[in-house]
Amino acid sequence: MRILFVGDVVGRPGRDAVEGLLGHLREEQEIDLCIANGENVADGVGITPRLAERLLAAGADAITLGNHTWRRIEIAGYLHDAPRVIRPANLSATAPGRGLAFVEARNGTTVAVLNLLGSLFLEPAQSMWELVDALVEEARRATPVVIVDVHAEATSEKIALARWLDGRVTAVLGTHTHVQTADARIQPGGTAALTDVGMTGPHDSVIGVEADLAISRMRTGMPVRFETASGGVRLEGALVTCDPVSGHATAIEPVRVPWPPL
Ligand SMILES: [Fe+2]
């Protein structure tokens, strides 16, 4: 079966790319399940219930989040009963929502989706290492097909997690940096990995922000209101092929599709 993971969808350009491309991609690539990271879809930071519904309507079966989960606080109530929209499992256990979801793919296979937050710069309530094993066990009691979104800054944390979970999950896919890495691989135990799947949004930018504004803040150290850029829009992500019975991955390829089409 084939699972498409769509990297961090940034602002309106990212949403336009998803709405313009995903339906066609799903058909053309015979995608059984699509997961999108949506934590930057509301003007570059956070997500609202309305925008989550739009990503789901555009063809995402599940949405993962990250360090900006609570930036639009209206998402908090929505997460109580949105079983397909998950936030990192290692945010505070007293906060709304969950970090593990079970979603049915088009081929009838149940897929577990797990969202974790790395430690460097991101200040999770708890280290992902404290709870990952129990969550993977819980996932595997229901299905062998388990996809992990590790939302993290450090390449080392993401690679270490992929190694730790090798043979126990289908794929460990990194998000957050908005820069697609060139290390798509199948590990010895059958777990696919990619350190960062990239950004679905405007690449003529500084990781999605208008370059002039980001540079100005860095040069002067003064507060600058960020705006989402508009040029060089691409849908980026990863396409994982796996065996639905064993849960092992057989292929992973990075995805990069320009929007609008060239
Ligand atoms: Fe992030």
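The values are calculated or read from the model by the stated rules, or taken from the named source; none is laboratory data. As the structure is a prediction and not an experimental result, all values here were calculated from the model. Because the Cβ atoms are built from the backbone with ideal geometry, glycine has one as well, and the counts that use them run over all protein chains shown. Areas reflect the complete protein model, heavy atoms only, side chains present, ligands, DNA and RNA absent. Shrake-Rupley method; radii C 1.70, N 1.55, O 1.52, S 1.80 Å.
Among the residues of the range 120-151, count how many are within 13 Å of the ligand (Cβ to nearest atom), open to solvent by 10 Å² or more (accessible area, probe 1.4 Å) and at pLDDT 95 or above.
First, the residues of the range 120-151 that are within 13 Å of the ligand (Cβ to nearest atom): 120-124, 149-151.
Now narrow it down to the ones that are open to solvent by 10 Å² or more (accessible area, probe 1.4 Å): 120-124.
Filter again for at pLDDT 95 or above, leaving 120-122, 124.
The total comes to 4.
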### Query
In the range 64-77, which residues are within 16 Å of the ligand (Cβ to nearest atom), surrounded by fewer than 24 Cβ atoms within 10 Å (Cβ to Cβ) and not hydrophobic (A, V, I, L, M, F, W, C)?
Asn67, His68, Arg71, Arg72
### Number of the condition not met by Val245 [criteria: (1) over 23 Å from Arg87 (Cβ atoms); (2) of a type in the set (Val, Ile, Thr); (3) buried (at least 18 other Cβ atoms within 10 Å of the Cβ)]
(3)
### Task
Test each condition in (1) more than 23 Å from Gly198 (Cα to Cα); (2) of a type outside the set (Val, Ile, Thr); (3) in a strand (DSSP E or B) for Asp149 and report the one that comes out false.
(1)
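Results for (1) surrounded by 24 or more Cβ atoms within 10 Å (Cβ to Cβ); (2) in contact with a Lys or Arg (Cβ under 8 Å, 6 or more places away or on another chain); (3) at pLDDT below 95, shown as yes or no for each residue.
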{"residue": "Glu30", "(1), (2), (3)": "no, yes, no"}
{"residue": "Cys34", "(1), (2), (3)": "yes, yes, no"}
{"residue": "Asn40", "(1), (2), (3)": "yes, no, no"}
{"residue": "Thr48", "(1), (2), (3)": "no, yes, no"}
{"residue": "Ala62", "(1), (2), (3)": "yes, yes, no"}
#### Entry: strands (runs of 3 or more DSSP E) wholly inside the range 179-262 containing at least 2 residues that are over 15 Å from the mean Cα position of the chain (by Cα) and closer than 24 Å to Ile159 by Cβ
231-242, 249-258
### Candidates Pro223, Pro202, Pro254, Pro260 - the one that is surrounded by fewer than 16 Cβ atoms within 10 Å (Cβ to Cβ), within 23 Å of Val18 (Cβ to Cβ) and not aromatic (Phe, Trp, Tyr)
Pro260
### Task
State all residues of the range 152-199 that are within 16 Å of the ligand (Cβ to nearest atom), of a type in the set (Gly, Ala, Ser) and surrounded by fewer than 24 Cβ atoms within 10 Å (Cβ to Cβ); if no residue qualifies, say none.
Ala154
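Hey, among the residues in the range 107-119 that are more than 16 Å from the ligand (Cβ to nearest atom) and buried (at least 22 other Cβ atoms within 10 Å of the Cβ), which one's nearest to Lys158 (Cα to Cα)? I'd like the intermediate steps shown before the answer.
Step one: filter the range 107-119 for residues more than 16 Å from the ligand (Cβ to nearest atom), giving 107-114.
Those left that are additionally buried (at least 22 other Cβ atoms within 10 Å of the Cβ): 111-114.
Details: Val111: 21, Ala112: 19, Val113: 16, Leu114: 14 Å.
Filtering first and then ranking leaves Leu114.
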### Query
So Val18 fits all but one of (1) closer than 21 Å to Leu173 by Cβ; (2) away from the ligand (no atom under 16 Å from the Cβ); (3) in a loop (DSSP other than H, G, I, E, B); (4) out of contact with any Cys (no Cβ under 6 Å at 6 or more places or on another chain); what number is the exception?
(3)
### Message
Looking only at residues that are within 13 Å of Gly14 (Cβ to Cβ) and more than 13 Å from the chain's Cα centre (by Cα) in the range 50-60, which one is most open to solvent (accessible area, probe 1.4 Å)?
### Response
Arg54
### Task
Considering only the range 78-106, state which residues are assigned to a strand (DSSP E or B) and open to solvent by less than 30 Å² (accessible area, probe 1.4 Å).
Val85, Leu100, Ala101, Val103
